[in-house]
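Beneath this line is the structure, given in structure tokens, with notes to follow.
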Amino acid sequence: MTAGRNWAGNHTYRAQRLHRPTSLEHLQEIVATAPRIRVLGSRHSFTGIADSAEMVSLEAVQTPATPLAGMDVDLAARTVSVGGGVTYGELAEVLRAAGAALHNLASLPHISVAGAVATATHGSGVTNGNLATAVAAMEMVTSSGDIVRASRGDADFDGMVVGLGALGAVTRLTLDIEPAFGVEQRVFEGLAWKSLYEHFDEITACGYSVSLFTTWGEDVGSVWVKTRTDQGGVADGDLFDAVPAVVDRHPVVGLDPTSCTPQLGRPGLWSDRLPHFRMGFTPSAGDELQSEYLLPHTSAVAALQAVRSLSPRIRPLLLTCEIRTVAADRLWMSTAYEQASVALHFTWKPTPTAVADVLVELERALSPFGARPHWGKMFLADAAAIAPLYARHADFLRLTERLDERGAFRNAWLEDHLLTS
Ligand SMILES: Cc1cc2nc3c(=O)[nH]c(=O)nc-3n(C[C@H](O)[C@H](O)[C@H](O)COP(=O)(O)OP(=O)(O)OC[C@H]3O[C@@H](n4cnc5c(N)ncnc54)[C@H](O)[C@@H]3O)c2cc1C
């Protein structure tokens with residue numbers, strides 16, 4: 001079986017075989033014998049990051065009894081253990097039944113946990129680390145076929161978590177959980193650029209998770225504020241000069257909000273409010289491309305001004321742009337490594353050539369801020385440009401050589417963006 005295309009349809013996997021192992025032993029055998037192999041997650045990346053001559057999907061067997069798919073909640077230890085093919089939507093169901101929660105989620109729940117962790121996928125919130133920061137322990141099958149386990153605090157653990165799929169096949173992740181909490185979501189519209197520039201820190205900290213959606217027009221656009229009910233919920237009234245929306249909204253202005261999680265301050269469970277999109281709905285047909293850059297929170301306003309100066313180039317290609325915040329962490333290849341970050345995300349129309357052209361200008365404009373591209377999205381920066389952005393880059397390359405001695409998990413994407421000669 002061949003692997004087909006990614007979610008957005010802009011990358012056709014060149015893998016000639018897609019394996020679907022039914023047991024851990026089967027996976028070990030596949031990985032140990034394949035000359036070149038990669039794990040395919042839920043296909044939500046926009047590049048060939050998951051591609052290789054052979055690929056393996058861990059989502060094949062979905063019975064809880066299999067070690068590759070099962071989930072195990074431990075309320076006393078405040079952890080959940082998930083198999084390498086599980087999605088956040090599936091995990092949220094199990095946590096809901098157990099009265100537990102994750103600290104944060106990305107914009108949609110259809111993404112695999114292991115794929116999200118591997119690429120430092122994040123939600124928003126100045127006090128919230130990205131989704132990889134919830135990993136307390138992990139297990140993987142390396143290219144020798146051996147099983148490697150590591151826990152927070154172990155040597156090299158901080159290098160293994162955001163592994164970019166380059167270290168082995170992650171078969172199990174143990175994630176921190178907490179008691180379930182409620183969230184209210186409210187959208188505020190019409191924020192002036194001046195207000196954002198003057199009050200960036202206040203606005204991005206006015207809720208547990210705050211996202212701004214803009215198309216770089218006359219005003220900023222909307223501010224989506226998600227506040228925990230155990231922290232008082234969303235305050236009434238205006239947000240500087242932005243006013244509360246009176247109907248539900250979609251992040252892309254004018255689109256039907258049916259696929260979006262409820263707003264208007266209606267309280268709901270963390271898992272039904274932290275993602276922008278509901279589990280039961282496909283948020284779009286995949287007719288979009290995405291890019292994102294993370295840079296120091298302290299450079300946010302200057303970076304916004306730099307991007308805004310490119311708005312005549314950006315706007316014709318844009319569906320929407322989302323601005324989020326991510327707390328600093330210690331994970332070597334995390335886009336928020338040792339840096340409280342602001343994330344500038346671009347949802348583009350499906351025009352790859354034009355997008356690649358505008359990325360040249362965008363990356364030039366953001367380079368003075370040390371912008372780190374999101375690993376799962378479209379970007380141009382090569383290994384020479386990426387290396388200085390990560391203090392532990394060389395350590396990570398050494399880790400790939402140690403865990404993957406025969407280079408089975410190397411692929412073209414890694415050669416282009418990480419492996420300096
Ligand atoms: C509609 C949409 C919304 C998105 N929203 C957000 C968002 O809110 N925030 C954000 O930060 N990003 C977001 N993303 C990006 C997305 O989270 C990342 O691209 C993520 O990597 C996708 O996970 P995946 O399982 O689909 O990975 P894939 O694209 O299948 O693979 C990504 C990488 O993970 C590796 N991998 C996957 N599973 C394993 C495993 N078990 N063991 C080892 N390696 C593995 C692959 O080899 C590959 O290197 C979004 C993407 C889309 C399409």
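List the lysines whose alpha-carbon lies under 28 Å from that of LYS377, not counting same-chain residues fewer than 8 positions away?
Straight-distance partners of LYS377: LYS226, LYS349.
Please work out the Cα center distance from region 323-389 to region 180-252, rounded to the nearest Å.
So the two Cα centres are separated by 24 Å.
Scan region 235-305 for chymotrypsin sites (Phe, Trp or Tyr not before Pro) in coil per DSSP, keeping those whose Cβ has at most 14 other Cβ atoms within 10 Å, and list them by number. Provide the component values of the computation, followed by the final result.
Values: sites: PHE240, TRP270, PHE277, PHE281, TYR293; in loops: PHE240, PHE281.
When the chymotrypsin sites (Phe, Trp or Tyr not before Pro) of region 235-305 are filtered for loop state and at most 14 Cβ neighbours within 10 Å, PHE281 remain.
Which ³J(HN,Hα) values, rounded to whole Hz and listed in residue order, are derived for region 138-152 from phi using the Karplus coefficients 6.51, -1.76 and 1.60 in 6.51 cos²θ - 1.76 cosθ + 1.60 with θ = phi - 60°, glycine and proline given as x?
8, 9, 9, 9, 8, 5, 7, x, 7, 9, 10, 10, 8, 10, 3
Quick one: compute the contact order of the chain, relative version, from alpha carbon pairs under 8 angstrom and 6+ residues apart, as a percent.
Once divided by the residue count of the chain, the mean separation gives 17 percent.
Got a sec? Charge dipole of the chain, +1 on Cβ for Lys and Arg, -1 for Asp and Glu; which of LEU167, PHE46, HIS19 is way out at the positive end?
HIS19
Place a +1 charge on the Cβ of each Lys and Arg in region 335-402 and a -1 charge on the Cβ of each Asp and Glu, then give the dipole magnitude about the Cα centre in debye, rounded to the nearest 20.
160
So how strong a dipole does region 182-381 carry about its Cα centre when Lys and Arg Cβ are +1 and Asp and Glu Cβ are -1, to the nearest 20 debye?
360
Taking the Cα centre of the chain as origin, sum charge times position over the Cβ atoms of Lys and Arg (+1) and Asp and Glu (-1), and report the length of that vector in debye to the nearest 20.
560
Residue by residue through region 180-195, what is 3J(HN,Hα) from phi via Karplus (6.51 cos²θ - 1.76 cosθ + 1.60, θ = phi - 60°)? Round to whole Hz and write x for glycine and proline.
Ordered by residue, 3J(HN,Hα) equals 4, 9, x, 9, 10, 10, 9, 9, 10, 10, x, 5, 7, 4, 4, 5 Hz.
Note down the relative contact order for region 182-381 as a percent, whole number, built from C-alpha pairs under 8 angstrom at least six residues apart. All intermediate terms of the calculation are to be shown ahead of the outcome.
Working: 388 pairs, mean separation 44.8, N = 200.
Over region 182-381, the number comes to 22 percent.
Report ³J(HN,Hα) in whole Hz for each residue of region 335-343, in order, from the Karplus equation J = 6.51 cos²θ - 1.76 cosθ + 1.60 where θ = phi - 60°; Gly and Pro get x.
Working through the residues one at a time gives 5, 10, 4, 6, 8, 4, 10, 10, 10 Hz.
Work from the charge dipole of region 211-263 (Cβ charges, +1 for Lys and Arg, -1 for Asp and Glu, about the Cα centre) and give the residue of PRO262, VAL252, LEU239 farthest towards its positive end.
Farthest towards the positive end: PRO262.
Which is farthest toward the positive dipole end of region 302-421 among PRO312, LEU399, ALA412, measuring Cα position about the Cα centre, with Cβ charges +1 (Lys, Arg) and -1 (Asp, Glu)?
PRO312
Would you mind computing, in nm to one decimal, how far apart the modelled labels at ALA394 and LYS349 are, each placed 7 Å from Cα along Cα→Cβ?
4.6
Could you compute the FRET efficiency for THR22 and SER367, with r as their C-beta to C-beta distance and R0 at 45 Å, rounded to 0.05?
E(calc), rounded to 0.05, equals 0.45.
For the chain, modelled as a GNM with alpha-carbon contacts under 10 angstrom, which of GLN185, GLN231, GLN263 fluctuates the most?
GLN231
With contacts defined as alpha carbon pairs under 8 Å and 6 or more residues apart, what's the relative contact order of region 67-179 in percent?
Reported as a whole number, the value is 32 percent.
Add -39500 (n - 2.57) for each DSSP H run of 4 or more in the chain, then divide by its residues: what number comes out at 222 nm, to the nearest 500 deg cm²/dmol?
-6000 deg cm²/dmol
A short reminder: the numbers here are calculations on the coordinates, not readings from a lab. Please read all numbers here as calculations on a predicted model, not as lab measurements. Every residue, glycine as well, gets a Cβ built from its backbone with ideal geometry; the counts of neighbours run over all protein chains shown.
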